[in-house]
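S.K.: Would you mind keeping the following structure in view while I ask a few things?
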Amino acid sequence: MTSGILKAFRHPDGRLLRLYQDPQPPNPRTEWDHDTVMVCKHRRYDLGDKHDLNLDGCKCWDDVRAILEDRNGVGSVTLPVYMLDHSGLAVSTTPFGCPWDSGQVGWITMPAAKVAACGGQDGAEDMLRDEVSEYNQYLQGEVYCWNLHSPGGKLETCGGFYGDEILKNGMACHIPYLDEFVEVPVDTEPAAPSSAGRPVADWIAPVAARIADMIPSRDIDRHDRSLLETCLVQAFKANPEAVMPLVGTAVIEESYFEDLNNKERNVQANAGD
């Protein structure tokens, strides 16, 4: 099923990573703590952070900035927040250039006491831009969750990642060797269960060879070996939980092998009738 999958990635070990839009994305301005404050005002939308500032006497955005800088102290850093209201909401620290559907909607500011920890004014401004960009991703629905399918059938999932650049949005902290994944078509299906991360076709033949080596009392020709491989594959597809311990340890009795050949003989006999 590929419904809702936006991107898919495959690792050489068989893991399949699928990216979906997060159905319940966390609002970064209300869910997390910040060293910044985003103060917005709009007649229709509730944007930015909750705050206790009284803006009733403000006649323009410069009046709001003066209140913020007075509270945050000398050396604080403040950038404007602009909004575009057209087929959804978008925000930025630079104007959108549309005089009808966009304009300033607030400020984002960092108190002077926090600026030094960011490396000074330049570092603080970079953080302000990053936080507005993150908020824009939230407003645009660019927050994602992922499912990770392992060859053994294990499924892991997590959400709340902003942006679809998987090496930059924090997913690398959760998924080992994420940089080795390669993008594949979204309709790519999870790999069949495997042993040691290898596809079934890669390990059935070696397992059959090991089983053959355990039965020295019988000469196993190419037909027998092929039959054994086929039976193991069919059994694996029907009941992998039962077969995996058997082939994973290569512990198999001669009677089991004899049963396989007896079944084949019966099939041939029935075909000849």
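S.K.: Tally the residues that are out of contact with any Asp or Glu (no Cβ under 9 Å at 6 or more places or on another chain) and within 19 Å of Ile166 (Cβ to Cβ), restricting the search to the stretch 26-39.
M.R.: Within the stretch 26-39, residues that are out of contact with any Asp or Glu (no Cβ under 9 Å at 6 or more places or on another chain) and within 19 Å of Ile166 (Cβ to Cβ) number 1.
S.K.: Pairs under 8 Å by beta carbon, first residue in the same structural domain as Pro111 (by TED's automatic domain parsing) in the stretch 42-66, partner of a type in the set (Lys, Arg) and in a loop (DSSP other than H, G, I, E, B), six or more apart or different chains?
M.R.: Final answer for the pair search is Leu55/Lys41; Val64/Lys41.
S.K.: Additional query: Kindly check whether there is at least one residue in the stretch 86-96 that is surrounded by fewer than 15 Cβ atoms within 10 Å (Cβ to Cβ), touching a residue at least 60 places away in the same chain (Cβ under 8 Å), more than 24 Å from Gln121 (Cα to Cα) and not basic (Lys, Arg).
M.R.: The answer is no; no qualifying residue exists.
S.K.: Shifting gears a bit: Residues of the stretch 34-82 being more than 13 Å from Gln104 (Cβ to Cβ), hydrophobic (A, V, I, L, M, F, W, C) and touching a helix residue (DSSP H, G or I) at 6+ places or on another chain (Cβ under 9 Å), which ones?
M.R.: Val37, Leu53, Leu55, Val74, Val77
S.K.: Further question: May I ask you to list pairs of residues, at least six apart or on different chains, whose Cβ atoms are under 9 Å apart, with the first in the stretch 145-160 being over 13 Å from Gln24 (Cα atoms) and the second being at pLDDT below 85 and assigned to a strand (DSSP E or B)?
M.R.: Pro151/Ser195; Pro151/Arg198; Gly152/Ser195
S.K.: Quick check, is Asp63 within 25 Å of Ala124 (Cα to Cα) and part of a loop (DSSP other than H, G, I, E, B)?
M.R.: The answer is no for Asp63.
S.K.: If you scan the stretch 138-157, which residues turn out to be part of a strand (DSSP E or B) and surrounded by fewer than 16 Cβ atoms within 10 Å (Cβ to Cβ)?
M.R.: The answer is Leu155, Glu156, Thr157.
S.K.: Still on this structure, please answer the following. Could you tell me whether any residue of the stretch 118-137 is touching a residue at least 24 places away in the same chain (Cβ under 8 Å), assigned to a loop (DSSP other than H, G, I, E, B) and either among the aliphatic types (A, V, I, L, M) or touching an Asp or Glu at 6+ places or on another chain (Cβ under 8 Å) (or both)?
M.R.: The answer is no; no qualifying residue exists.
S.K.: I've got another one for you. Since Arg18 meets every condition but one in (1) of a type outside the set (A, V, I, L, M); (2) surrounded by 15 or more Cβ atoms within 10 Å (Cβ to Cβ); (3) not in a strand (DSSP E or B), which condition does it not meet?
M.R.: (3)
S.K.: Does Val105 satisfy being crowded, with 18+ Cβ neighbours inside 10 Å, of a type in the set (A, V, I, L, M) and touching a helix residue (DSSP H, G or I) at 6+ places or on another chain (Cβ under 8 Å)? If you could, list the steps in order and put the result at the bottom.
M.R.: On the way: crowded, with 18+ Cβ neighbours inside 10 Å: yes; of a type in the set (A, V, I, L, M): yes; touching a helix residue (DSSP H, G or I) at 6+ places or on another chain (Cβ under 8 Å): no.
Criteria not met by Val105.
S.K.: While we're here: Does the stretch 75-107 hold any residues that are more than 20 Å from Val132 (Cβ to Cβ) and either at pLDDT 90 or above or not assigned by TED's automatic domain parsing to the domain that holds Glu125 (or both), and which are they?
M.R.: Residue satisfying the conditions is Gly75 alone.
S.K.: Related question: Inspect the stretch 109-131 for any residue being among the β-branched types (Val, Ile, Thr) and either surrounded by fewer than 18 Cβ atoms within 10 Å (Cβ to Cβ) or under 29 Å from the mean Cα position of the chain (by Cα) (or both) and give the result as yes or no.
M.R.: no
Every residue, every condition in (1) out of contact with any Ser or Thr (no Cβ under 7 Å at 6 or more places or on another chain); (2) among the aromatic types (Phe, Trp, Tyr); (3) farther than 19 Å from Gln137 by Cβ, yes or no:
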| position | (1), (2), (3) |
| --- | --- |
| Thr36 | no, no, no |
| Cys58 | yes, no, yes |
| Thr93 | yes, no, no |
| Pro99 | yes, no, yes |
| Gly103 | yes, no, yes |
| Lys114 | yes, no, yes |
| Ala117 | yes, no, yes |
| Gln121 | yes, no, yes |
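S.K.: From (1) under 38 Å from the mean Cα position of the chain (by Cα); (2) assigned to a helix (DSSP H, G or I), pick out the condition that doesn't hold for Arg71.
M.R.: Going through (1) under 38 Å from the mean Cα position of the chain (by Cα); (2) assigned to a helix (DSSP H, G or I) one by one, Arg71 breaks only (1).
The values are calculated or read from the model by the stated rules, or taken from the named source; none is laboratory data. Please read these numbers as outputs of a predicted model, since none were measured by experiment. Here Cβ is always computed from backbone atoms with ideal geometry, including for glycine, and neighbour counts include all displayed protein chains.
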